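Structure first, then comments.
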Amino acid sequence: VAQEDYLEMIFRNAGEDGSVRLGVLARQINVSVPSASRMVHSMSTDGFVTFEKYGLIYLTEKGRETGAYLLRRHEIIDSFLSRINGTENETRQTELIEHFLDKRTVENISIFLSRV
């Protein structure tokens, strides 16, 4: 679950060159730099990112694809919850449930939203 949050945030914040600085990531996720560093090293081992000098994190192809899906999933769920609750933003609830929905459910929510 935590790795997904990191990957989504890296994808959101990656600049034109596809990189984000470790310190920026730590601030965005609200964790210490050493905590973020440990997670990034784990993500590097899993093939989602490369971690280079000066705290630069680059998404791999696998990381870009997964990050794009995670961001899309977040947006679909937030849109769905906002629609059914009559609000503009349901980020808090989205963060609580997004990790528990499979791809089929997310796609079906997307299809549902396109019809209503």
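The values are calculated or read from the model by the stated rules, or taken from the named source; none is laboratory data. Since we're looking at a predicted model, the values are computed, not measured. Ideal geometry is used to build each Cβ from the backbone, glycine not excepted, and the neighbour counts take in all protein chains shown.
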**Asked** Hey, does the range 64-78 have a residue that's farther than 27 Å from Leu113 by Cβ and loosely packed, with under 15 Cβ neighbours inside 10 Å?
**Response** no
**Message:** Ser42 - would you say it is surrounded by fewer than 19 Cβ atoms within 10 Å (Cβ to Cβ) and either touching an Asp or Glu at 6+ places or on another chain (Cβ under 8 Å) or modelled with pLDDT under 95 (or both)?
**Reply:** no
**Prompt:** Would you pick out the residues in the range 9-30 that are of a type in the set (Gly, Ala, Ser), under 13 Å from Phe48 (Cα atoms) and not in a loop (DSSP other than H, G, I, E, B)?
**Reply:** Ser19
**Request:** Go through the range 42-58 and give me each residue that's under 11 Å from Tyr6 (Cβ atoms), of a type outside the set (S, T, N, Q) and not in a loop (DSSP other than H, G, I, E, B).
**Result:** Met43, Val49, Ile57
**Prompt:** Could you list, in sequence order, the residues of the range 45-59 that are closer than 25 Å to Lys103 by Cβ and surrounded by fewer than 17 Cβ atoms within 10 Å (Cβ to Cβ)?
**Reply:** Thr45, Asp46, Gly47
**Selected residue [surrounded by fewer than 16 Cβ atoms within 10 Å (Cβ to Cβ) and in a loop (DSSP other than H, G, I, E, B)] from Asn89, Asn108** = Asn89
